[in-house]
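Notes to accompany the following structure.
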Amino acid sequence: MVLLLFNAFNGLIQGAFYALMALGLALILGLNATINFAHGAFMALAAYFAFTIFPYTGFWGALIIAPLLAAGVGFVVETTMVRRLYTRKDPIYTLLLTFGLALILQDMIRTIWGAQGQPLAIPAMLNHPLSNTYFFVTGYRLFVVGVALVSTGALFAVLRFSRIGIRIRAGNSDLETIAALGVNIYLLRTINFMIGILFAGVAGILAAGQLGLNPNMGDSLIMPAFVAIVVGGVGSLLGSLLGGLIIGLASGIVTTFAPAASEVVIYVIMGVMLVVRPRGLLGQEGLFE
Amino acid sequence: MSTPSSLSRTDAAATTTNPKFNRRVIGNLLLGLVLIAVPFWLPLVGGYTDLASRVLIYALAAMGLNLLLGFTGGLSFGHAAYFGLGAYGVGLMLKYETHNIFIALLAGTVLGGAAAALLGPIAARRRGIYFSMITIAIGQMFYFIAVRWNSFTGGYDGLTGFSRHPVHLPGLTLPMGSLDFYYMVLICFGLGAWGLWTILNSPLGHTFVAIRENHKRLTFLGIRTQRYIAISFAISGTIAALAGGLDAMYGNFTSPNVLEYTLSGNFLIIAVLGGMRNFWGPLVGAVIFILVRDYVSSITHNWMTVIGLIFVVSVLFFPLGILGSIKDWRALISPRIREQDAP
C-alpha cells in the first residue's frame, strides 16, 4: 500500500511537471499556432541559467530570475524568427523551425556548460521527509506541487481578469477581429510566447532541483506534454492541466505493477482517448483543423 | 478567323504536353544512369559507396514520407516509427529466423507497413496541427517499447548479432559487400520510386493531391477523405519501413535511435529542404543533408548546431525547397513552367 502511494505520489509530481510544460505548450499552440518543439530546450536553458546565477541570488532568486532570462531568449526567438512564419498557413514551417532551434539550443548548452549532468542545490529547509512512514513526501516535492498550483492559478487569474489575458483569450477565438479592433496582435503573440516560455522555465528549475541538470533534460518531458495536450483536448488550458496530471498519475500507478510499461501507458491512454473521444477531455471540436 | 487560332492553341497545348512528358522520362532515365554509375564516379570526387547507400536509404524514406506530406498534405512527425519498425523487423528476422536477406527485408517492410495501416486511420481522424501531434506521440510509443523490451530488442544498446548474409543465386554467390549492397539499395529505391510515381499519376494519386489542395471541397463532393489519407499514410509508412529495413542491413545494427522523433524531424527537413512539392525533392534533400552531416561531424563537435541551422535557414529563406526555388526562378523566365505541377 505504501508502495502504491509512493508511486502514485511520484506520478503526481511527474504529472505536475507534465502539466506545467503542457500549459506553456498549449498557450503557444493557441495564440502563436506553433508546436514549440524547442520547449524542452528552453526548459533546460532556464535550469542552466538558474545554475549559473545560483551563487549570486540563491535558490529563491534563481527561481524568479532564470525563467525571465529564458523568456528573454524566447523574446529574441519569437521576434526574429517565429514571427516571420505566421503568414504561412502550413504548420510544418514553425514545427521545423522550433525543431532546429531545439537542436541549436541543446548544442549550445552542451558547449557552454558541458555534457555531464550537474546537481542544482535546493534549500535545506525543503530537503527532508516530513514523516517517517511516508518517507517520500519530502518538503521539496510538496513545494513542487505548491509552485505548480500557484503559477497555474496565477495564469488563470491573468487570463481571466487582466486586460492582456482577456485579449489573449479573445485572440485564441478570433485573431482577425481583435486585430481589426486595434489590438497589436504581434505584441500580443510575443507576450504570449514569453509567458509560455516562463512556464517551461519554472518547470525546468523545479525539475533540476529534483533530478539535476543535463542538456537533454527537456527531452523526457516534452513528449508527455504533447500527450497531455491531446488527452486534455487541444484549445483548452484546463484540459492540458488535467491531461498532464492524469497521465502522470497513471504512469506512477502503473509503475507499481509493471515498471517497464510506465512510459508506454501514457500513449495507450492517448490512443484510447483518440478512439473514444477524439477531441480530448475538454477540447473544442474542429480547432486547428 | 477564330477557328484557326483556337486550333493552333490546342496544337500548341498538345505539343507542350508531349515534350514535357518526354523530358521527364528522359530526365528520370538520366538520373537512373547517374545512380547506377555511382560506384565508378563517386570515389573520384572523394566519396565512398556506403555514403551513397546511406543517401539513397534516407531519400527513399523521405520520398515515402513525402507522399503523405507533400502530395496529400498530412504533416506526419512520426515516420521514424515505421522506418524503425522496418529496421527492427529485419534485424530480428536475420537474428532469429532466416539468413535470407530478401525474406527479412520483406518481413520488415510488411511489419512497418502493417503498423502504418493500423495507426493511420487513428491519426487521420484529425487534421492539421492535431494530426502532427498524434503522429509524434504514436511514434514515441514505439521508441519506448524498443527501449523497455530489453530481452527482445536489446534495449538502449540496440540490436546486434545479425548481418547481411551472402546471397546464393543459381550459378553465382554475391558476398554482399559495399558494392553489392549499394545495388540492392538502388534496386529497392528504384522500385519504391517507380511505385510512388505510378501512384501519383493514377486517379488515387490525383485524389491525394486534391485532398491537399482543398480538403473541404472533396468532402462536399462525397469523397471519404479520411480513408484516402489513411491509404496515403499506409503506403508512405510501407516505403519508410522498406528504407528502415535497408538501414538495419547497412550497418548490421539497429538501435532505438531509429525510432526517435529526431529522425522523423530529419526526414521532414530532407523533404522540405529538397522541395516537398517536387517528386525528386527528397533525393536532393538527402544528398545535401547526409553530405553536410557527414562532413561537419568530422570537423567539429558542434555539428548539431549546423544541422539546426540547416533547419532554420531552409525554413526561413527556402520554404519551397531547392527544387521548388529553382522552378520558381525558371518560372520567372518562362511562365509556361508555372503550369507544371510535379510530378
Exercise. Taking Cα centroids, how far is segment B:29-94 from segment A:92-122 in Å?
Worked result: 28
Seminar exercise, completed: With Cα springs under 10 Å, the Gaussian network model of chain A assigns the largest mean-square fluctuation among A:Met108, A:Met270, A:Met223 to A:Met108
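What is the packing order of peptides A:186-194, B:169-177, taking the mean over residues of other C-beta atoms within 10 Å and listing the highest first?
Values: A:186-194: 19.3, B:169-177: 9.7.
My ranking of the peptides, most packed first, is A:186-194, B:169-177.
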Problem set entry | Per-residue average of Cβ from other chains inside 10 Å of A:103-113 | 4
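Between A:Met1 and B:Leu106, what's the calculated FRET efficiency when r is the beta-carbon distance and R0 is 51 Å? Round to 0.05.
Working: r = 51 Å, r/R0 = 1.00.
In this case the efficiency is close to 0.50.
Arrange the peptides B:258-265, B:290-297 so that the one whose residues have, on average, the most other Cβ atoms within 10 Å appears first.
Values: B:258-265: 24.0, B:290-297: 15.8.
The densest-packed peptide leads the list: B:258-265, B:290-297.
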For this session: For segment B:250-294, just the Cα atoms, rotate onto the principal axes and tell me the three extents in Å, largest first.
Result: 32, 20, 16
Exercise. If R0 is 22 Å, what FRET efficiency do you get for A:Thr256 and A:Arg277 from their C-beta distance, rounded to 0.05?
Worked result: 0.25
Exercise. Rounded, prolate or oblate: which fits segment B:187-246, taking a ≥ b ≥ c as square roots of the Cα gyration tensor eigenvalues, rounded meaning a/c under 1.5, else prolate when a/b beats b/c?
Worked result: prolate
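Let me make sure I get this right: for segment A:82-223, a, b and c are the square roots of the gyration tensor eigenvalues over alpha carbons, sorted descending. Under 1.5 in a/c it's rounded, otherwise prolate if a/b > b/c, else oblate. Which is it?
Numbers: a/c = 3.28, a/b = 1.50, b/c = 2.19.
In terms of gyration-tensor shape, oblate.
Based on Cβ point charges of +1 for Lys and Arg and -1 for Asp and Glu, what charge dipole magnitude is obtained for the protein assembly as shown about its Cα centre, in debye rounded to the nearest 20? Before the final figure, lay out each step's value.
Values: 35 positive and 21 negative charges, 292 e Å.
That gives the protein assembly as shown a dipole magnitude of about 1400 debye.
Under 8 Å for C-alpha pairs, at least 6 residues apart: give me the relative contact order for chain B, rounded to a whole percent. Before the final figure, lay out each step's value.
Details: 527 pairs, mean separation 97.8, N = 343.
After rounding, I find 28 percent.
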For this session: Provide, in order from the shortest bin, the percent of all Cα-Cα pairs of the protein assembly as shown in each 10 Å bin, continuing until the bin that contains the maximum pair distance.
Result: 3, 15, 25, 26, 17, 9, 3, 1, 0, 0, 0
Exercise. What is the spin-label model distance, in nm, from B:Phe317 to B:Leu42 if the labels are put 7 Å beyond Cα along the C-beta direction?
Worked result: 2.9
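Per residue of A:221-234, count partner chain C-beta atoms within 10 Å of its C-beta, then hand back the mean as an integer.
Working: counts 0, 3, 9, 2, 0, 8, 6, 0, 3, 6, 1, 0, 0, 5.
What the average comes to for A:221-234 is 3.
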For this session: Just grab the label-to-label distance for A:Ile112 and B:Ser151, each label 7 Å out from Cα along the Cβ direction, in nm (one decimal).
Result: 4.7
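Looking at the square roots a ≥ b ≥ c of the eigenvalues of the Cα gyration tensor of segment A:183-273, which shape do they give, rounded for a/c under 1.5, prolate if a/b is larger than b/c, or oblate? Each step should come with its number before you reach the end.
Details: a/c = 2.92, a/b = 1.46, b/c = 2.00.
In terms of gyration-tensor shape, oblate.
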Exercise. In what sequence, highest mean first, do A:195-208, A:239-252, A:154-167 appear when ranked by Cβ atoms within 10 angstrom?
Worked result: A:195-208, A:239-252, A:154-167
For this session: Please name which of B:Thr72, A:Phe51, A:Ala115 has its Cα lying farthest along the dipole of the protein assembly as shown towards the positive end, using unit charges on Cβ (Lys, Arg +1; Asp, Glu -1) and the Cα centre as origin.
Result: B:Thr72
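Could you give the dipole magnitude of segment B:48-339 about its Cα centre, charging the beta-carbon of Lys and Arg +1 and that of Asp and Glu -1, in debye to the nearest 20?
Details: 18 positive and 10 negative charges, 222 e Å.
Computed charge dipole of segment B:48-339: roughly 1060 debye.
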Exercise. Taking the Cα atoms of segment B:48-339 alone, what are Rg (to one decimal) and Dmax (as a whole number) in Å?
Worked result: 19.0, 61
Exercise. To the nearest 20 debye, what charge dipole does chain A have about its Cα centre, counting +1 at the Cβ of each Lys and Arg and -1 at the Cβ of each Asp and Glu?
Worked result: 420
Seminar exercise, completed: Once both label points are put 7 Å beyond Cα along the C-beta direction, the B:Ser297-A:Val76 separation in nm becomes 2.8
Problem set entry | GNM flexibility winner over chain A from A:Val144, A:Val254, A:Val76 (Cα, springs under 10 Å) | A:Val76
For this session: For segment B:284-336 and segment B:185-247, compute the distance between their C-alpha centroids and round to whole Å.
Result: 24
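From other protein chains only, count the Cβ atoms within 10 Å of every residue's Cβ in A:78-86, then give the mean. Mind dumping the intermediate values first?
Details: counts 0, 0, 1, 3, 0, 0, 3, 3, 0.
Mean shielding count: 1.
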Problem set entry | Extreme residue, positive dipole direction of segment B:48-339, given options B:Gly161, B:His206, B:Leu118 (C-beta unit charges) | B:His206
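What FRET efficiency would be calculated for the residue pair B:Trp197, A:Asn127, taking the C-beta separation as r and a Förster radius of 56 Å, to the nearest 0.05? Could the numbers behind the result be given before it?
Values: r = 64 Å, r/R0 = 1.14.
The computed FRET efficiency comes out at 0.30.
Computed from the coordinates by the stated procedures, all read-outs in this text should not be read as laboratory data. The model shown is predicted, which means the values in this text are computed figures rather than measured ones. Heads up, the Cβs are rebuilt from the backbone with ideal geometry, glycines too, and the neighbour counts pull from every protein chain shown.
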